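K.L.:
Attaching a single structure in structure tokens format; questions to follow.
The values are calculated or read from the model by the stated rules, or taken from the named source; none is laboratory data. From a predicted model like this one, the values you see are computed outputs, not experimental measurements. Methodologically, a virtual Cβ is constructed for each residue, glycine included, from the backbone with ideal geometry; neighbour enumeration extends over all protein chains shown. In case anyone asks, the SASA skips ligands and DNA or RNA and just uses the protein heavy atoms, side chains included. Shrake-Rupley method; radii C 1.70, N 1.55, O 1.52, S 1.80 Å.
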Amino acid sequence: MAYFRKNMSGVHTWTGLVLGWLLLWMFLSGSLGYFDTEIDRWMQPELPLPPSHYDEAQAVRTAQVYLSREAPEASRWVIFLPIDRNEPYLRVFWAGKDEKGHSVSDSVRLSLDTGEPLSARETGGGQLLYKMHWRLHYMPRVLAEFITGSAAMLMLIALITGIIIHKGIFRDLFTFRPKKGRRSWLDLHNLVAVSSLPFQLMITYSGLVFVMFTYMPLIFVAFYGMDDQGRREFIADISTTEIVAPANQSATMIDLGSFITQHKAQWSETPLRNLDIRFPGDANASVTVKSNNAVSPLRASDEWMFSAVNGELLSHHTANQTSVQSSHDVLLGLHEGLFAPLALRWLYFLSGVLGCLMIATGMIMWENKRRQQGKTSAFGLKLISTLNIASIAGMPICIGVYFAANRLLPTTIAARADWEVHIMFITWLVCLLHAALRPRRWAWIEQFKSAGIVFLTLPVLGFWTTRLNVLHAIEQEDWTILGVESVFIITGILFLIIAFMLYKRFQVNTAHGAIRGAKV
Amino acid sequence: MNEITVLASFSTLIVSGYFMLLTMTRHRQKIQSNGFSTITPTKKRYCRVLASLCLLLSVLPVGAGYGWGIGSVYWFGLLNIVILILALLLNYAAFIIRWLFFTNLLVGLAAIELSFQ
């Protein structure tokens, strides 16, 4: 058993290290993704307060009028109702083909009062940050999924081997011994990992389920082939939404708002999430009404499909699915956490941050151990040290700078959203260079200090450049903005405390004549 | 009312954690202010049983308040928080743990009663 544990220890060490820095980014951006719409709101301060109450029928009518005017030739309209924090504004989506036959689509948020698009600065917002969690950036989607999927696979192996090698996992559940060097790092690593172990296992495994067809395509290919037609057939087979072919004859659609009012009794207990209109304006136009699927991890929703011309009920599917589909959906639902109320969302976020801490402590332990053993080459140690500093301290800086760029870039420049991201990655490169060129202990202190300053500056930038600030948020009872700015302030203070503690520790080490930079 | 169920589960988990800490010599020494560091095997067994019972009981309020799907997710999150709180308090302010136990015992009982009304 000891021999087995020793081998697993080696596997745990190397699977954790190889893509540890990427995993740190995935956990950091993924954790922020649990507040993606809140970050969106902060990054588009021009947007009004989301509606707390609204007339369902009137909202649908408003959307239909807009779509009839702006996208009459589209083959698909989708109206998303503002029912919760996942969809805070009335939003419409349309898709179709242009004159040359290319697919086009667009999505717009509408004002409930005026029916006109809500205008706000162009930004990727929290959605882009969250999507980078698995799509990364500057690379094709499939390649990104391969890379992040590989990282998730290594993460799962690291978790399982970590459980195997941790003797006394329950006996040491509450054990944390500070100020004992490497022992303290190991205790912290174990504490954050074991306390959030159910979350870590769930998030990693369910993350792999998201990309399962990328990694295990043969079953799918065997039944459906490799071409686009096969993919469409597969999606049609698993989807409960039946698409009726267009008749290619024009017809007047019913007033969807009145229609909603008349049929509300059928789904009165469940808020509507969206209306999916296929081939609007065609004699075979259909509207599929979906209930809110973010009320449980299961993600399933009831669907009613009606003729959009005469209102006849065409089909009704309940939320019950096959056990296979339910298993798949519940894993994805648990991963996304869309069902989570506010307090649970904070628990999700905290667990994600603990995941970041788990990875960070693991990488620091790897570096410290090899530095003390003296067996690793100087170049190898320097490389690991640089990557550790640039990731653990540098990634928060670049995220803070992404937020700051949102406030500082002129709202009228072209490709504004792209430039916010470019600035974020340029900042990360600067952090990498700084970590490579500065002495190790000063690099840690300076980068944590910089992270603290960046985050504390964000509320000031908001006050300076927009009407959105803490005082205004209190006055308007805008708890989203208040929450986001409060988190910035707390995060900034925490980073400054860390920088100060490191500074004091290194002062003590230097005063006692310890080897410079011996301990982080 | 659902927030009460979260409070009930959280308090019950704190109580469970306290009993669990009493069964571990090193941790018991930190939280017992009178220097009492030994415990009979029978009392240790009772503490373990009480800890397990409270752990199981803590699932019920969030399960009743939010349904077993969301409730179980909540429970794992609360368990995470409680382990962290107790581990950090053990090192930096162990004297608080006994007060935490008594407070949460009372709050938890009240919250459980309100949860199931």
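K.L.:
Which log10 I(q)/I(0) values does region A:291-352 give at q = 0.19, 0.22 Å⁻¹ under the Debye formula, counting every alpha carbon as one identical point scatterer?
P.N.:
The calculated log intensity ratios at q = 0.19, 0.22 Å⁻¹ are -0.75, -0.87.
K.L.:
Given C-alpha coordinates of region A:407-520, what is the ratio Rg to Rh with the Kirkwood estimate of Rh?
P.N.:
Values: Rg = 18.2 Å, Rh = 16.5 Å.
Ratio of gyration radius to Kirkwood radius for region A:407-520: 1.10.
K.L.:
In square angstrom and rounded to 100, what buried accessible area do you get between chains B and A, total over both, with the probe at 1.4 Å?
P.N.:
That pair hides around 2000 Å² of surface in total.
K.L.:
For A:Ser486 and A:Ala283, what does the FRET efficiency come to when R0 = 35 Å and r is the distance between their Cβ atoms, rounded to the nearest 0.05?
P.N.:
Computed FRET efficiency for A:Ser486 and A:Ala283 comes out at 0.05.
K.L.:
Another question, then. If I take every Cα pair under 8 Å that is 6 or more residues apart in chain A, average their sequence separation and divide by the length, what percent do I get for the relative contact order?
P.N.:
Relative CO of chain A lands at 17 percent.
K.L.:
Using 1/(1 + (r/R0)^6) with R0 = 25 angstrom and r between the beta carbons of A:Ser250 and A:Val104, what's the FRET efficiency to the nearest 0.05?
P.N.:
0.75
K.L.:
Across region A:16-24, in residue order, what do the Karplus-derived ³J(HN,Hα) couplings come to in whole Hz, using 6.51 cos²θ - 1.76 cosθ + 1.60 with θ = phi - 60° and x for Gly and Pro?
P.N.:
Karplus values, whole Hz, x for Gly and Pro: x, 7, 3, 10, x, 5, 5, 4, 4.
K.L.:
Would you mind giving the three semi-axes, in whole Å and largest first, of the ellipsoid equivalent to region A:456-510 according to its Cα gyration tensor?
P.N.:
33, 11, 6
K.L.:
Quote the accessible area belonging to A:Glu446 in square angstrom, nearest 10, computed with a 1.4 Å probe and with ligands, DNA and RNA left uncounted.
P.N.:
Spelled out: A:Glu446, probe radius 1.4 Å, area about 40 Å².
K.L.:
What does the charge count near A:Trp366 come to, summing +1 for each Lys or Arg and -1 for each Asp or Glu among other residues with Cβ under 13 Å from its Cβ?
P.N.:
Neighbour charge sum, excluding A:Trp366 itself: +4.
K.L.:
What spacing in nm lies between the two simple spin-label points modelled at A:Gln372 and A:Trp442, each 7 Å away from Cα in the Cβ direction?
P.N.:
About 2.6 nm separates the two model spin labels.
K.L.:
In whole Hz, what ³J(HN,Hα) sequence does region A:347-359 give by Karplus (6.51, -1.76, 1.60; θ = phi - 60°), x for Gly and Pro?
P.N.:
Result, ordered by residue: 5, 4, 4, 4, 5, x, 5, 5, x, 4, 5, 4, 5 Hz.
K.L.:
Here's a follow-up. According to a simple spin-label model (label point 7 Å from Cα along Cα-to-Cβ), what is the distance in nm between B:Arg98 and A:Val430?
P.N.:
The two pseudo-label positions are separated by 5.4 nm.
K.L.:
Can you compute the label reach from B:Phe76? Point 7 Å from Cα along the Cβ direction, backbone N cut-off under 14 Å, restricted to region A:340-363.
P.N.:
Within reach of a label on B:Phe76: A:340, A:345, A:347-352, A:355.
K.L.:
Let me know the mean shielding of A:335-345 by other chains, meaning the per-residue number of their Cβ atoms within 10 Å of its Cβ.
P.N.:
Partner-chain Cβ atoms within 10 Å, mean over residues of A:335-345: 3.
K.L.:
To continue, here is another question. Run the 1.4 Å probe and let me know the accessible area of A:Arg232, rounded to the nearest 10 Å².
P.N.:
My reading of the accessible area for A:Arg232 is about 140 Å².
K.L.:
Further, regarding this structure: What are the extents of the Cα atoms of the protein assembly as shown along their three principal axes, listed from largest to smallest and rounded to whole Å?
P.N.:
Cα spread of the protein assembly as shown along its principal axes, largest to smallest: 85, 60, 60 Å.
K.L.:
Can you give me the % of accessible surface on chain A that is carbon or sulfur? Probe 1.4 Å, all protein chains present, nothing else counted. Present the calculation step by step, with values, prior to reporting the outcome.
P.N.:
Values: 16100 of 25350 Å².
The value for chain A is 64 percent carbon and sulfur by accessible area.
K.L.:
Could you run the Karplus curve 6.51 cos²θ - 1.76 cosθ + 1.60 with θ = phi - 60° over region B:62-67 and give me ³J(HN,Hα) per residue in whole Hz, x for Gly and Pro?
P.N.:
5, x, 5, x, 10, x
K.L.:
A:Tyr224: net charge of surrounding residues, Cβ under 14 Å, Lys/Arg +1, Asp/Glu -1, itself excluded? Before the final figure, lay out each step's value.
P.N.:
Working: positive: A:Arg231, A:Arg232; negative: A:Asp227, A:Asp228, A:Glu233, A:Asp237.
Around A:Tyr224, the surrounding residues sum to -2.
K.L.:
Would you kindly find the accessible area of A:Tyr130, with a 1.4 Å probe and non-protein molecules such as ligands, DNA and RNA excluded, rounding to the nearest 10 Å²?
P.N.:
Looks like 60 Å² after rounding.
K.L.:
Could you do me a favour and compute the accessible area per residue for the protein assembly as shown, 1.4 Å probe, result in Å²?
P.N.:
49
K.L.:
Note the full-extension length gain between A:Gln507 and A:Phe223 as 0.36 nm times their separation in residues minus their Cα-Cα distance, in nm to one decimal.
P.N.:
95.6 nm
K.L.:
Under 5 Å between amide hydrogens, which residues at least 5 positions from A:Leu314 or on another chain qualify, with H placed 1.01 Å from N in the peptide plane?
P.N.:
Here A:Met305, A:Phe306, A:Ser307 satisfy the definition.
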